[in-house]
Amino acid sequence: MTCETGSKNLFYGYDGELCGVELLALQYYDGEGGGWQGVHSESGIWMTIFGILMWDVIFSNVPDVFRSRFQVQRPIVLRGPFVDENFFRFYPGIIASFLIFAAGSTRPLYR
């Protein structure tokens, strides 16, 4: 195990080798009898699913989220890899409508 500031913590895995906490967790669930498998992706899979499901919401016609036509990567409320705290402030009705739709309601997706 390491405890130096700035260094990755290491643990002894179930195979006796040093490993990170992610591999240790994967080894634990693999040995639970169910043969679980997993991937260490730093939330990449969840952010991809979020982007696909919310695509129409993210790129809907909302004022002030795109400052210029050259801003092609993402709206300003999606700074870096995570959702900015202003995301829900800019899209409240659209997000609520999407969640109602996703829950199986027959109400229209957008108003």
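The values are calculated or read from the model by the stated rules, or taken from the named source; none is laboratory data. Quantities reported herein were computed from a predicted structural model and do not represent experimental measurements. We place every Cβ from the backbone using ideal geometry, glycine too, and count neighbours over all the protein chains shown.
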Residue check, LEU53 surrounded by 13 or more Cβ atoms within 10 Å (Cβ to Cβ) and not β-branched (Val, Ile, Thr): no
List every residue pair whose Cβ atoms lie under 8 Å apart, where the two residues are 6 or more positions apart in sequence or sit on different chains, the first residue falls within the stretch 57-71 and is within 23 Å of LEU99 (Cβ to Cβ) and surrounded by 12 or more Cβ atoms within 10 Å (Cβ to Cβ), and the second residue, located anywhere, is modelled with pLDDT of 75 or more and of a type in the set (A, V, I, L, M). VAL57/ILE94; VAL57/ILE95; SER60/ILE94; VAL62/ILE94
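Residues are listed down the side, and each one gets a yes or a no for (1) surrounded by fewer than 13 Cβ atoms within 10 Å (Cβ to Cβ); (2) at positive phi; (3) part of a strand (DSSP E or B); (4) not acidic (Asp, Glu):
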position	(1), (2), (3), (4)
GLN27	no, no, no, yes
GLU32	yes, no, no, no
HIS40	yes, no, no, yes
ILE49	yes, no, no, yes
